[in-house]
Amino acid sequence: MIFNKTELAIDYQAEIIKLKEDLNAVILAHYYQQPEIQDIADFVGDSLELSRKAKSTNAEVIVFAGVHFMAETAKILNPEKTVLLPDLEAGCSLAEGCKKEDFEPFVKSHPDHIVITYINSTAEVKALSDIICTSSNAEKIIRQIPENQKIIFAPDKNLGKYLIKKTGREMLLWEGSCIVHETFSERKIIDLKVRNPKAKVIAHPECEERILFLADFIGSTSKLLQFVKEDSNDTYIVLTETGILHQMKKAVPEKTFIPAPVNDETCSCNECPYMKLNTMEKLYLCMKNRFPEIIIGQELRLKALKPIEKMLEMS
Ligand code: 13P
Ligand code: SF4
């Protein structure tokens, strides 16, 4: 039998909407997801907003269109719910650069330090931490730590350096970084600025110090989005993953957004290869098969839950 190609094509959008009903599921998506995934999601947000949504949802199934540490955080907060991630390989260079076996001895060798860990980390590393933070609440959390208390900040050294500068607090930093935010070209940003003198440069604090130095505004993804909505300028050079441009263009279509230029013209290095592993097809398949599912042991979950709850309390 000969099948017509169009007869075989699956309407992922329609199927996902149907499956959402059948499963009593909620789809949570990060701003770095592909536009069509953001558009089908029930909620699109930054790491903090997504954790809050994961905690408050009544749905039985949470489908996480994001990376592994985000889905894992949702499961830690919701042990009784099914948490699905379209692709289990959707990791993060920050989480991968901070393994429990290296981090544990580091923490143990500084017993007088409180451990503040960025949410971009594994459950095992969270379990070794006192407080979790995201890029939108890190400053607020650090400002609540008593002056004489020594601090370890992990795993993002760039965010850590930015926070030291912002708060004036000394912190011992773990040597991790985000592969996306480290690829932006200083020379090309300056070149863009010269050609677009009225454009404002807005940057995520995961960028290197020399890049942040060029920014007119620095903030988490949600803060960057809020800034372009409220600011009176009309052109922005956006120094973060390009996925956020979708919500920016939707919110203020009359404005111009220029994605962050990268060093290597042959690669799309301003796209997160982990975030972009998720596709509409994988989203559909994970809902259809209720797999891959995030599973976490109770002992580890309870240890990782404590610093996450502390974060939600302090932010
Ligand atoms: P936020 O959306 O919390 O700013 O985080 C950015 C990021 O890199 C997520 O992996
Ligand atoms: Fe991790 Fe960077 Fe990708 Fe965010 S953008 S998930 S920090 S690798």
Quick check: from the Cα gyration tensor, does the chain come out rounded (a/c under 1.5), prolate or oblate? oblate
Largest-first ordering by accessible area, 1.4 Å probe, given options Val61, Val44: Val44, Val61
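Rg/Rh for the stretch 1-116 to two decimals, with Rh computed the Kirkwood way over all alpha-carbon pairs.
1.12
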Note down the relative contact order for the chain as a percent, whole number, built from C-alpha pairs under 8 angstrom at least six residues apart. 23 percent
FRET efficiency for Cys267 and Gln13, using Cβ-Cβ distance with R0 set to 30 Å, rounded to 0.05: 0.55
For Thr256 and Glu186, what does the FRET efficiency come to when R0 = 25 Å and r is the distance between their Cβ atoms, rounded to the nearest 0.05? 0.70
Just name one of Thr117, Tyr236, Gly168: the one whose Cα is farthest towards the positive end of the charge dipole of the chain (beta-carbon charges, Lys/Arg +1, Asp/Glu -1). Gly168
Rounded to the nearest whole Å³, what is the per residue volume of the convex hull around the Cα atoms of the stretch 38-80? 69 Å³
Tell me, in nm to one decimal, what length is gained between Asp22 and Val194 on full extension, where the rule is 0.36 nm per residue of separation less the Cα-Cα distance? 56.6 nm
Label point at Lys100 placed 7 Å out along Cα→Cβ; residues across the stretch 129-153 whose backbone nitrogen lies under 12 Å: 129
Would you kindly calculate the mean projected area, averaged across all directions, of the convex hull enclosing the Cα atoms of the stretch 119-257, in square nanometres? 9.0 nm²
Counting Lys +1, Arg +1, Asp -1, Glu -1, what net charge surrounds Thr167 among other residues with beta carbon under 13 Å of its beta carbon? +3
Counting only helical runs of four or more DSSP H residues, what would the 222 nm mean residue ellipticity of the chain come to if each run contributes -39,500 (n - 2.57) and the total is spread over all its residues? -12000 deg cm²/dmol
Can you flag which of Lys276/Lys310; Lys53/Lys126; Lys140/Lys303; Lys99/Lys306; Lys165/Lys250 are past 26 Å Cα-Cα? Lys276/Lys310; Lys165/Lys250
Each label point is 7 Å from the Cα along the Cα-to-Cβ direction; what then is the distance between the points at Lys249 and Glu60, in nm? 3.8 nm
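The values are calculated or read from the model by the stated rules, or taken from the named source; none is laboratory data. Nothing here was measured: the structure is a model prediction, and the numbers come from that model. When we count neighbours, we look across all protein chains shown, and the Cβ atoms used for this are built from the backbone with ideal geometry, even at glycine. What goes into the accessible areas is simple: the full protein's heavy atoms, side chains included, and nothing from ligands, DNA or RNA. Shrake-Rupley method; radii C 1.70, N 1.55, O 1.52, S 1.80 Å.
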